[in-house]
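One structure is given here, and the rest of the page talks about it.
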Amino acid sequence: MKFGMNTSRYLSWIVTLALSLNMVGLILARTKFFFLGTYYICLVIAVAAIGAYLLVNRLKVEVKVRDLVIHGLPILVVLLSSLVRPYDPDALKAYGLILVTLFLVSVMPFSKEQVECLTRAYLLSALIFSIVMVVQRKLPYEEYNLLRYGIFFDKEQFYDINFTAAYLMIPNLIALYRFLGGQKLYLPIWLVISVPIVMTGSRGAVVPIVLVLLYKLVTKKGITLKQLLLFVGILGLFALFIPNELLERFFAKSYVKDGSNIKRFSEWGYGFQIFLENPILGQGMVAPIRLLSKFGTGITAHNSFLVYLIHFGILGTIAFMGQLLHIFIRLWKVSKDYIGLIFAFVFAMSLIEATTSLIFVIPLLYFVIIGKTNTNLAKM
């Protein structure tokens, strides 16, 4: 019995460390959109360790049948889709690993200590990205006269700017929540992560962060007058020192008439047309850029939830959306304050195509874990 207990503890920490390293080492992914590609070993280790944990405990874990069904249905959808619809092998493997990891993490018990380890790894990962961006200070779109900074992983290739900002967004809000919860150490962490997010010029990350911050200021939930004045001062300094081009991008330009958004709206329309060609079962797990090539080169769906519709149709998307809603509801039940994290995630993923990207997966795994452990991040 003692051997089994010790083995279970070791395995649970192997899972925690594997998921933590998956975050901390993400800067080494070396794929523009953070797709699994060659960066999947940490998830494989986590899956293997959870499998071993279940075997050691003879599948005796406390889990509700509802959770098994909700996290199992998307796996079934992917398997059935691969049998009746065309698919790219890489997409099938990516969906498979992502969904199996989510399923197994949902049945794995985690301690508060392990949640804190994951939280610190998430923040450390964001700090690494932030420091690298500030040190590099490189402009991927300099030839187009765009003042938007990014991170290069070799002389010519760089991580997508919007994906990078979307990844930094959740750790940024975690640091914000903890500072507002009375942990002063997290103010400089929040500031350090905020600077590169602004440098990217990504409205998909800046807008939800600003809205969540304003919500906290207006409602005064968990915020003191001193903190209120501090944030007003910080926002004023940001507005004073941000280059005019970025300031106009965030606040002066029309979001509807802006060129990049007009292009995005147009591509959403093309993506919806592709979905309507097979609305029930979907087109299969084929890269949207290939399906949309008939409308022009380089066109993508630019919306993670639209990609679900394109890949799996209405029937399959119901399973995926049910899984997401289940995760979000669990968060909401732990703390109403998590509405900020949920809103930011949905907002950002509505603007990028990330269903098989670690930018999509890492927050979801984290949400599942803090939801099932009833962890209020602001009070830890």
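In the P(r) worked out for the chain, what percent of Cα pairs fall beyond 31 Å?
Roughly 37 percent, once rounded to a whole number.
Pick from L92, L43, L214: which residue has the top mean-square fluctuation in a GNM of the chain where Cα pairs under 10 Å get a spring?
Between L92, L43, L214, it is L214 that shows the largest mean-square fluctuation.
Of the candidates F295, F129, F34, which one comes out as most mobile in a Gaussian network treatment of the chain with C-alpha springs shorter than 10 Å?
The residue with the greatest mean-square fluctuation here is F295.
Per residue of region 204-209, what does 6.51 cos²θ - 1.76 cosθ + 1.60 with θ = phi - 60° give for ³J(HN,Hα)? Whole Hz please, x for Gly and Pro, Karplus curve as stated.
Result, ordered by residue: x, 9, 5, 4, x, 5 Hz.
Of N57, L364, V100, which is farthest towards the positive pole of the chain's charge dipole, taken about the Cα centre with +1 and -1 on the beta-carbons of Lys, Arg and Asp, Glu respectively?
Projecting each Cα onto the dipole axis, the largest value belongs to N57.
What nm distance separates the two modelled labels at L237 and A52, each placed 7 Å from Cα along Cα→Cβ?
Output for this residue pair reads 4.7 nm.
In whole Hz and in residue order, list the ³J(HN,Hα) couplings for region 323-330 that follow from phi through the Karplus curve 6.51 cos²θ - 1.76 cosθ + 1.60, θ = phi - 60°; x for Gly and Pro.
For region 323-330, the Karplus curve yields 5, 5, 4, 4, 4, 5, 5, 4 Hz.
Please list the non-local residues whose amide H lies under 5 Å from the amide H of I151, H modeled 1.01 Å from N, same-chain partners needing a gap of 5 or more.
Y159
Suppose every Lys and Arg Cβ carries +1 and every Asp and Glu Cβ carries -1, with no other charges. What dipole size does region 2-379 come out with about its Cα centre, to the nearest 20 debye?
Working: 35 positive and 18 negative charges, 231 e Å.
Value, rounded to 20: 1100 debye.
Sorting check: for 130-137, 271-278, 14-21, 201-208, which peptide has the highest mean count of neighbouring beta carbons within 10 Å, and how do the rest follow? Don't jump to the answer; show the numbers that get you there.
On the way: 130-137: 14.6, 271-278: 16.2, 14-21: 20.9, 201-208: 22.5.
Packing order, densest peptide first, comes out as 201-208, 14-21, 271-278, 130-137.
Gap in Å between the Cα centre of region 257-304 and the Cα centre of region 97-170?
25
Work out from phi, with θ = phi - 60° and the Karplus expression 6.51 cos²θ - 1.76 cosθ + 1.60, the ³J(HN,Hα) of each residue of region 109-122, listed in order in whole Hz, and give x for Gly and Pro.
x, 10, 8, 4, 4, 6, 4, 5, 4, 5, 5, 5, 5, 4
When the helix-only estimate is applied to the chain (DSSP H runs of n ≥ 4, each -39,500 (n - 2.57), divided by the residue count), what is the mean residue ellipticity at 222 nm, nearest 500 deg cm²/dmol?
Values: 15 runs with 256 residues, N = 380.
Rounded to the nearest 500, it is -22500 deg cm²/dmol.
Please list, in chain and number order, the residues 5+ apart from F35 or on another chain whose amide H is under 5 Å from its amide H, with Hs placed from the backbone.
Amide H neighbours of F35: L358.
Sort C42, C117 by Cβ crowding within 10 Å, fewest neighbours at the top.
Values: C42 20, C117 17.
Going from sparsest to densest Cβ surroundings: C117, C42.
Among the aspartates and glutamates, which fall within straight-line cross-link reach of K263, defined as a Cα-Cα distance under 15 Å, with same-chain neighbours fewer than 8 residues apart omitted?
The reachable aspartates and glutamates, counting only those whose Cα sits under 15 Å from K263, are E353.
Once the piece of chain linking S8 and Q183 is laid out straight, how much longer is it, given 0.36 nm per residue of separation minus the C-alpha distance between them?
59.7 nm
Name the residue, out of P171, P363, P86, whose mean-square fluctuation peaks in a Gaussian network model built on the chain with Cα pairs under 10 Å.
Judging by the Gaussian network model, the answer is P86.
Tell me, what is the FRET efficiency for T38 and K226 to the nearest 0.05, using R0 = 51 angstrom and their Cβ-Cβ distance as r? Present the calculation step by step, with values, prior to reporting the outcome.
Working: r = 48 Å, r/R0 = 0.93.
Step by step, r from the Cβ atoms, then E = 0.60.
Pairs to check: K226/K333; K336/K372; K60/K93; K184/K216; K216/K336; K64/K372. Give those whose C-alpha atoms are more than 19 Å from each other in this structure. Write out the running numbers ahead of the final one.
Numbers: K226/K333 29 Å; K336/K372 15 Å; K60/K93 28 Å; K184/K216 17 Å; K216/K336 12 Å; K64/K372 11 Å.
Among K226/K333; K336/K372; K60/K93; K184/K216; K216/K336; K64/K372, the Cα-Cα distance tops 19 Å for K226/K333; K60/K93.
Would you work out the charge dipole size for region 15-150 about its Cα centre, treating the Cβ of every Lys and Arg as +1 and the Cβ of every Asp and Glu as -1, and quote it to the nearest 20 debye? Show your work: numbers first, answer last.
Working: 13 positive and 8 negative charges, 18 e Å.
Computed about the Cα centre, the dipole is about 80 debye.
What's the ranking of 150-156, 319-325, 184-190 by average number of surrounding C-beta atoms within 10 Å, highest first? Mind showing how you got there, number by number?
Numbers: 150-156: 13.4, 319-325: 18.0, 184-190: 16.0.
Per-residue Cβ counts within 10 Å, averaged per peptide and sorted highest first, yield 319-325, 184-190, 150-156.
Pull out a ≥ b ≥ c, the square roots of the eigenvalues of the alpha-carbon gyration tensor of region 73-155, then state rounded if a/c is under 1.5, prolate if not and a/b is larger than b/c, and oblate in the remaining case.
Values: a/c = 4.30, a/b = 1.36, b/c = 3.15.
The shape class here is oblate.
Only the coordinates and a few stated rules stand behind these numbers; no lab work does. Remember, predicted model here, so these are calculated numbers, not experimental data. Every residue, glycine among them, receives a Cβ derived from its backbone with ideal geometry; neighbour counts consider all protein chains shown.
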